[in-house]
Each structure stands twice: as structure tokens, then as C-alpha cells.
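The values are calculated or read from the model by the stated rules, or taken from the named source; none is laboratory data. This structure is a prediction, so every number in the text was calculated from the model and none was measured. When we count neighbours, we look across all protein chains shown, and the Cβ atoms used for this are built from the backbone with ideal geometry, even at glycine.
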Amino acid sequence: MNFKRMGKCFFVSIILFALSAFTQKTFVEKYKPKFPYKKAGLTKREAAAHLLNRFTFGPTPNQIDEVLEIGLEKWFNQQLTETLDDSDLQKRLVNYDVLSMSTEQIVNTFPNQGQIIALAKSNNIILKNTDTTAKGKEEYKEQLKQIMQQYGYKPVAELERQLINQKILRAAYSNNQLQEVMTDFWFNHFNVSLTKPQCLQYTFTYERDAIRPNALGNFSKILLTTAKHPAMLEYLDNTLSVSTNNPLSQKQNNNPAAKLLQQKLTDMANDSSQKNSAFLKQMLDAKKTQGLNENYAREIMELHTLGVDGGYTQNDVTQLARALTGWSAMPLLRDGAAKKLIDKAGGVEKLRERGFIVDSIFLFRADKHDEGEKIILTQTLPANGGYAEGEKMIEFLATHPSTAKFISKKLATRFVSDHPSDDLINKMAAAFLKTKGNIKSVLIVMVNSDEFWKADVLREKIKSPFELAISSVRATKAEVQQPFQLFLWCTKMGQKFYYYQAPTGFPDKASYWINSGSLLNRMNFGLAFATEKIPGIKLNLSALNNNQEPESIEAALNIYSNTLLPERDNSKNIQRLIPLINDNNLEKKINNVTAVKNDMVLNDKKNNNMIAQVVGVIIGSPEFQRK
Amino acid sequence: MRNSAMALFAAGFGGVPNFIARAASNKKIIAPYKKNKVLVCIFQRGAMDGLMAVSPYADASLKTLRPTLYMSPAETEGKMFDLDGHFGLHPSLAAFAPMFTEKRMAIVHGVGSPNNTRSHFDAQDYMESGTPFNKGTASGWLNRAVGLTGHEASPFRAVSLTSAMPRILYGDNEALAINNLQDFAIQNRANAGTANIAGKSFEELYDATSSDILNKTGKESFEAMKMLNVNNLKNYKPAADVVYPNSALGNSLKQIAVLIKMDVGLEVAFAESGGWDTHFNQGTTNGLLANNFKDFSNSITAFWKDLNNYQDDVTVMTMTEFGRTAFQNGTGGTDHGRASCLFVLGNDVQGGKVYHNIKSLAREDLEDKRDLPVSTDFRSVFSAVANNHLNIHDNKSLFPEWDENVLQMMRT
């Protein structure tokens, strides 16, 4: 073993010792390492720029100086503690009323069309949908609108708009940047999608309540909160996964009253003179086809914890699905059929008496849980395990060695490089296991590794479209008045966030983000953004240069390259652009167009225009795509 | 004739585009513009009522199940086209009739997914991933198909005429999602006069970057942009007498025709058609569904005619996530069911036939006593088309966890 290697081992054991010796809080406070950037040949400024590129949505002007003043390590610790003042952000979010709503309020404020129709029917408000002429359609729409007004409902599109906008504003303006970056990371890891209508009303609180508070917390906790949130339960169909293998269900089926009801319903369904016969028939048929659904059980192992090669079999999937039968969502729609049923049966208290578990918006349906014995991986779950066995399995999965590796690799891929080394992953995984999934500890090991600072990983990560858009806002101190416009551009560039359909989430690698269509759109984004052709995005580019006018395009290129791309060698790119600008009389062309438009503010405009063109090229340039 | 396009680009843009040169040096294909076959897939989102599109009118049960939605070729007004004495084509799909008679079009009935979900989201997801019991499959089957052709990628090899990438094209092989091909250009709305210089600046910078992926993709983007040439798009004239419906599907197919005729290396194209979720008053010869059928069939027919002498290279295949209930519901519509039908059009198709394994519509033959059961797995149709038309012979990779028979419906 050579000396360097010994040093490495020693370093790791110190960290592991530190991790075990202190509780999480004192650990973060007392442990004050020096980031090993000097070894990699980086200056302190370059190290600060790298830190900001990877752990924020992009540096703001002068932020490198701020980090240097605080100290790199202390800045990172501040980000880990998530307690920086965010009053500026809060002001920008003041009109987003959904932020303070409970899931129940959201469900009852933004019902989907099906729910509105059902409510209207149950309250005997007639909905005319019998003719398909233009007039008939109009009338139908008008009726829907009236019902919405009468009940104070708002369109679901407004809910989506607020969800999307708040993400953009938080990413752009929050001082607790790492919290937002990690929220983005975990949302993508535990992906749910607005393409699934059932997820619409739940996604807002999924991110707000299940993900963000745990983004820098404990992995077991975030795994459990996502497992129990209706967004995930609906997205991966666990609400549909049911069993009759339990005493409640069997008793129910043998109950003479229930039998009678069943018979009555069947008779009604078969009697076509009955108003609801078709509906009843469907309902009864649907009930017959109910059973085990393995979707969530498979993905929690394949995508959320162990990884596809994590050592589980199809049988483990089936057994885990059995352990999670009955994990469901609490019905929240007032006047909704399911809620009425619960009320009729004596409400939540009565449910609890029967062995159901109501935990806020999570509902464990004891009558749908498979109470048989299960063997999953190395775990034997004896019969009659109820809700607890599912929680036990989630804890088991969260702290499994395969999970430690899988999560560490994913974190390293996000923050270090598209292909992190096994050595780094193993170090991080060791910290993960030692601390039972303390996410902060894993990040600390990562940022203290030599690999994080190595020259060949610098600037090698490619920004996602969202990161490109937000880093442009931050680098130029832009005022985002209409955040949704940035969402439309992200969609164009290939990242319709909140709408990725597959549970894998967006692939976090350059080859996914960069293709010819998306790349042209990145360039077009740069130009549109800088020239203020994106509605509701306001820039003051001359303020970035203390309101001083650059003397020439060349000067502007120099000034703005170094402002937008701090601590990078921009000289070569500038040299390449200069002949192009001179050859083509760019300045003259810009000014010609402007002159026709407005004589009064000609000079100002000329300059702004020139600067905007320059900044547009910088934002669309390859260097700005890298982080 | 087609090879002249290459000469044109070579002359006009100072050399053969990079990716074409690379394709040429690849020994798998003989010439860069060797006609690669093109598969065009159209997804009818919302679940098309297959029993109305291609109606088993001769089955006595149909009239009982659908008292007011029943149609027959015997009716004089809005007459159905009798396909084979058992099935009839909806009058608004009449545009398909000649292609069926010429044996270029085949219909597959009773087709769907083995997973009995009746959720649009889930069923579409499964049909696009091609793995009906696995949500976590990262890629879509059409993306896998692209990879299996073994051809060198052009930026236009897989194109979806949608604003966001559809599930069916998720995956490792490069695909382009674009609503309007005219967006494939450097645009400077603030100052059109400088767009050219901005474009050149970008080209210069991407050429010089030390990031391999940005360098390579940058080059390809600019080459592709020049090949596509926005002006050609604006001035595109379809073949004589061809009028595309001014609808979403019509516009998508028109743009796909442009790509095919430009020989830019297109191999799979994807378009969508909406409005098939007919729970209320779907109508018969007139109404909601009839209008949709008209747009659907007129768009596809216009596309086919427009292709002209490119027809040999192209197969069009439609798909929809499931069918609708065999019986009509209380509001003159149909609810979510199981099997539907699909259309396959092309000169490689053994057409003029309705392929099916449907028993009958008698109650005991229905799934859950309400739906036309799935008697043909969608993968046996998709694989037939991919095998024959795209010359892909790795169904294990195309449709993992599936090893049933491929439907014999293509010319051999």
C-alpha cells in the first residue's frame, strides 16, 4: 500500500469515525474539514465557482465573492442547514394561495371534471350533455362553469400553473439553493407525473410535504413519506392493490346483510329498466377484477431503493406487493361517494376501531390487506402483520447495502460526473450505511472527496433545460414576472418537468439532454431570453456592468462573458467571435434596425440591443450549457 | 432522382453533412441515401370505438347491445362499406375503402393489451413502452425499434410531431420532438437581421468547444438545419389534388411527408390524434365520432396520396389504447372497454383483409360480460410491421417478456 492510498483510507476512517461519534447536528457543526481543491490545482475562486455550479441553480453575479467571504466549507454547511432568510422569495410567492392549502383543501378547490359532474348529479343539478352540436356543447360548458362558480371551484389548470411557477421562483430566488436542488433531485428520483390525471391534485403537497422537508434529511423518512403519499399511491397504482385474505373482508362477505345488499345490487344491475343498471354492472365487474397490483412494489425496489441489479426476484416483488396491499389514499372530496360511505359507516373513529389506519391523507385499509405470511428477500413477515409489516419492509429496503450504493451512485452522477468512480460510490455508500441513510453525511463525504474537485470533472456536467433557464435568470438577475413562460421554453428544450411519464424520472445524463433539436432550442432560448422576447422576463443588462456602457462589441463580449461565466477561460471564444462580428458589421446591422424604430432613445437602445445580442450568444454558447 | 438531393446539399452547403459522411463510411449500409423504410405511427388517444369504426354488423348481438348506435351496410343513407360480408367500414372512413380494395390496407380487429386496465394513462403507457405489466421500462418500443435498425443515426431518424417527447420514443436513441418543423432554425425575434450572425457565432463556438457531446451535436444541428431549410418548408406544395385537412393530424402528417421527401434519414415518425373518448352521444353516420373518423381517414389518405412514388418506402400504422364497451351506455356513448381495431397501410402490407380472432359478441364471449375481449396482442401486430417493414428481427429486445407469434399480415 502506497502512501497516498494510506492517506485516503485514513481520511475515510476519520470521516466514518466522525459520523459515528457525533449526532447529526453536532456533526455538521463540529466537523470542519477543508475541501481538497488545492490538490486538484484549483484556486479558491475556481473552487467557489465549482461549488456554486454544482450545488445551486447557477451563480449570481458576485456570488463567488460572497462564498469566499463566508468560506467555502461554511457556505456549504449553511446550505446543509437550510435556514437562510428567504423573505425575498416569500414576497414573490405571496399570491400563490395553494402553497398554504392542505391536500384536502386542494382536492375540494380544484376538482377534476369527472368529480364535478358526479357532484352535480348527486345534487340533482342536471347536466345537459345530450347533444353534440356547437350550441349543445356551449350549454354544457356553461353549466359546468356555473357549477364551478356556485361551489367556488377553480380550474385544475390553475393548480398546475401554481405548481410550475412556484418551482421556478424557488429555484431562481431561494437562498437555500441546495434545498431546492435536492428537492428537484428527489422529485425526479421518486417521480410522479401530471400526465396521470389522478396525480394532479396530489402533486403539489407531494413535493411540499413529502419531499422538500426531507430533501436533506433521512432516506428512510423520505422513502416512507413518498410511499404513503396519495400522489405515489395513485401514480403506481397501489390504491388498486387489494386482497380479500383478511378476517374483515371474510366476515363482510359472510354477513347476511352484506350478502343481501350484494344480491340486490346484482339484481338491479341486471334489470335494464333500472336507471343506473349500466353503471352498477360496471361497478360490480370492476370489483370482480380487483386484486394484487405489483407496480409500486416493483418500482420501490428497482427504481427507489435496491436498483435493478440489487438482488431481488420477481417473487420478492409479488411478496412485497402483498405486504403493501391496503396502502391507500384517504378519500378527501366532500360529498364524494367514498367519503359519504365512510361517514355513513361512522367516520374515521369507527374505521380506526376496525383496524384501519388513518394518518392524515394516508389510509391503510385493513379490509384490503393480505394477512398471510410473506417472505421477502431475507425477511420473514409472519401472518397478521397488518400495516406495520409494510413500514418494516420500507425501513429494511431503505437501509439495505444495495440501496446505499444505488442512491450514492445517483447522487454522485448528479453532482460529480455522469460516470462516477466505484471508489467514490463506495465511500459514499459506507457513509450512507453507517448513518442509516443520513443524506447530509453522504453529501459531505462526496464534497470532501478528491474526485469532486478533479480537473476532468470540472464543467463536464451538462445543465438540464431547467438548470439552463434558471441559471440564466440568476446570472443576469432577471425579474421573472411570468414564470410559466420559462416552463414553455423548458418544454421546447426537452424538459416538460412534472410531466415525465415514466417512473424512472428524467435520465440525468448529457446524452439525454443534448440532441440536435434541443440544442438549437437552447441557442434560441439564449437569444429570446437576452433580447427580452420572452414575455414577463425583465432584464437590466447594463446594471450588471454598473450601468457603464461597453465601448464596443468586443468590450461587451469581454465584460459579459466574465460576468455570466465567472472563473472560466473565455478568451479563446471571444477571439473566435471577433472576426465574425467585424466581418458582418454586426454593430451597424443592429443599429440600423433600431434606428428605424425609435429616434428618441436611440443611443440607449443601440447599446442595450448590442449587449442583448452578445448576452444571447453567451447564454446559447456551449460554455454556458456546462456546469 | 432522390440521390440528386445529396448532390444538391453537397453543392449548396460546401460539403456533405457530417452525419451523412459518417453514415456513408459505415459498412452496414451501402449508400447514405439508400432508401431506408419509414414507419409512421399514429396514436389515437382516448380509445377509439373499434366496434363502430369497423363494425361486425353481421353479428346478431350487436343490434341488441347497441340499439341506437347500430349501423349496417344495408342502410341507404350514409351507407357503410362492406369489407367482407361480416365487417363494415364506417361511412366517414370511406376514404380508406379504395386502399382496402387495392389490398394496401389491412385491418386488425380485437386487438389490445393483455393488461386489462381501463385507465387511459396506464393503457397508453403500456402500449407505448411495449411492456404491458411493467411501468418501470425506461424506453418506448418505437425508440428501441430505431436502435435495432442498425442504421447510423440522422438527427431526423426518429421524429415526433408533438411538443413534448411521447413515451413511445423515450430511450437511448436520439429522437426529435417538434410541433412545427419551421422551429428547426436559429431564430432571433428581436432582430431578424442578425439571426444569421448569431447562427454563425454559435456555429463557431460549438465547433471550438472542448465538450465532445456539445461539439458533435452542435455540428449535426447546424448541418441538419441547413438541410431542412426553413424556406423549403414554408413553400411546400403537396402533390397535385392533395388537400390535407387543416387539423392537428393533417398538419402533422404533412410535415412527415416533407421529411420523407427531403430524404433526411427519417425512419420512424409519430403523430397523435385526439378526441376518441366518446362517453356521450357519439352519433352514428353524423356526429362527434363521424367527424373524427372523417378527419382521421382524410388526413391519412391525403398523406398517402402525397407520398406518391415514395409509397413503397412507407407503412402507416394506427393504434389506440383500448376499445369501448360492447353495449352503449345511458348517454348515447360508450365507456372504456378492452379490444379495439387498428389500420395498417402500405405496399408491404398483405391488405384487403380484416385479421381477427373474434368469436362473437354474445354475452358469454365478452370479457367481464361487457367488452370485446382482446384476442390479438398488440405486440403481435407491432412486431409484424417492425419485422417486415423495418427489417428488425430481434423481438426479444423490441418486446421483452413476450414470445408469442407474430401476426402474418405482411407480404413476404
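Observations on the structure shown:
- Screening residue A:225 against (1) more than 14 Å from every other protein chain (Cβ to nearest Cβ); (2) surrounded by 21 or more Cβ atoms within 10 Å (Cβ to Cβ) leaves a single unmet condition, (2).
- All positions within region A:474-502 that are among the hydrophobic types (A, V, I, L, M, F, W, C), surrounded by fewer than 19 Cβ atoms within 10 Å (Cβ to Cβ) and in contact (Cβ under 8 Å) with a residue 60 or more places away in the chain: A:484
- Selected residue (criterion: nearest to residue B:384 (Cα to Cα)) from residues of region B:129-141 that are out of contact with any Asp or Glu (no Cβ under 8 Å at 6 or more places or on another chain) and more than 8 Å from chain A (Cβ to nearest Cβ): B:130
- Residues that are more than 11 Å from chain B (Cβ to nearest Cβ) and more than 30 Å from residue B:200 (Cα to Cα) are absent from region A:466-479.
- Segments classed as strands (runs of 3 or more DSSP E), wholly inside region B:270-358, with at least 3 members that are away from chain A (no Cβ under 11 Å) and farther than 25 Å from residue B:73 by Cα: B:314-320
- Tallying residues that are in contact (Cβ under 8 Å) with a residue 60 or more places away in the chain and closer than 30 Å to residue A:510 by Cβ within region A:417-445 yields 13.
- Residues that are farther than 27 Å from residue B:408 by Cα and either assigned to a strand (DSSP E or B) or in contact with a helix residue (DSSP H, G or I) (Cβ under 7 Å, 6 or more places away or on another chain) (or both) within region B:118-136 comprise B:121, B:135, B:136, listed in sequence order.
- Matching entry among A:374, A:340 (being in contact with a Lys or Arg (Cβ under 6 Å, 6 or more places away or on another chain) and in the same structural domain as residue A:314 (by TED's automatic domain parsing)): A:374
- Residue B:273 being among the hydroxyl-bearing types (Ser, Thr, Tyr), crowded, with 21+ Cβ neighbours inside 10 Å, closer than 22 Å to residue A:516 by Cα and in contact (Cβ under 8 Å) with a residue 60 or more places away in the chain: no
- Condition met for residue A:76 (within 20 Å of residue A:479 (Cβ to Cβ) and in contact (Cβ under 8 Å) with a residue 12 or more places away in the chain): no
- Residue in region A:503-517 that is nearest to residue A:467 (Cα to Cα), counting only those that are touching a Gly at 6+ places or on another chain (Cβ under 7 Å) and touching a residue at least 60 places away in the same chain (Cβ under 8 Å): A:504
- Within region A:369-382, not a single residue is at pLDDT 95 or above and either farther than 24 Å from residue A:245 by Cβ or assigned to a helix (DSSP H, G or I) (or both).
- Condition met for residue B:163 (closer than 21 Å to residue B:251 by Cα and among the small types (Gly, Ala, Ser)): yes
- Among the conditions (1) within 11 Å of chain A (Cβ to nearest Cβ); (2) surrounded by fewer than 24 Cβ atoms within 10 Å (Cβ to Cβ); (3) over 17 Å from residue A:504 (Cα atoms), residue B:152 misses just one, which is (1).
- Only residues that are part of a loop (DSSP other than H, G, I, E, B), modelled with pLDDT of 95 or more and either acidic (Asp, Glu) or over 20 Å from residue A:195 (Cβ atoms) (or both) were counted across region A:467-513, and they come to 4.
- Boolean, residue A:210 is crowded, with 22+ Cβ neighbours inside 10 Å, in contact (Cβ under 8 Å) with a residue 12 or more places away in the chain and either out of contact with any Cys (no Cβ under 6 Å at 6 or more places or on another chain) or not hydrophobic (A, V, I, L, M, F, W, C) (or both): yes
- Close pairs from region A:253-269: first in the same structural domain as residue A:243 (by TED's automatic domain parsing), partner hydrophobic (A, V, I, L, M, F, W, C), Cβ under 7 Å, at least 6 apart: A:265/A:280; A:265/A:284; A:266/A:284; A:268/A:280; A:269/A:280; A:269/A:284
- The set of residues in region B:204-223 being surrounded by fewer than 20 Cβ atoms within 10 Å (Cβ to Cβ) and either among the aromatic types (Phe, Trp, Tyr) or more than 7 Å from chain A (Cβ to nearest Cβ) (or both) consists of B:207, B:210, B:212, B:215, B:216, B:219.
- Enumeration of residues in region A:503-527 that are facing chain B (nearest Cβ under 9 Å), surrounded by 23 or more Cβ atoms within 10 Å (Cβ to Cβ) and farther than 19 Å from residue B:155 by Cα: A:503, A:526, A:527
- When A:417, A:408 are checked against the criterion of being in a loop (DSSP other than H, G, I, E, B) and under 23 Å from residue A:627 (Cβ atoms), A:417 stands alone in meeting it.
- Only listed residue being away from chain A (no Cβ under 14 Å), in contact with an Asp or Glu (Cβ under 6 Å, 6 or more places away or on another chain), assigned to a loop (DSSP other than H, G, I, E, B) and of a type in the set (A, V, I, L, M), chosen from B:407, B:361: B:361
- Considered as a group, the residues in region B:160-203 that are among the charged types (D, E, K, R) and farther than 18 Å from residue B:40 by Cβ include one that is surrounded by the fewest Cβ atoms within 10 Å (Cβ to Cβ), and that residue is B:189.
- Residue match in region A:606-620 (condition: away from chain B (no Cβ under 12 Å), in a helix (DSSP H, G or I) and modelled with pLDDT under 70): yes
- In the set (1) part of a loop (DSSP other than H, G, I, E, B); (2) closer than 30 Å to residue A:337 by Cα, the condition left unmet by residue A:104 is number (1).
- Residue within region A:431-439 that is at pLDDT 95 or above and touching a Pro at 6+ places or on another chain (Cβ under 8 Å) present: yes
- Checking region B:88-103 against the condition returns a match, with at least one residue being assigned by TED's automatic domain parsing to the domain that holds residue B:304 and over 21 Å from residue B:294 (Cβ atoms).
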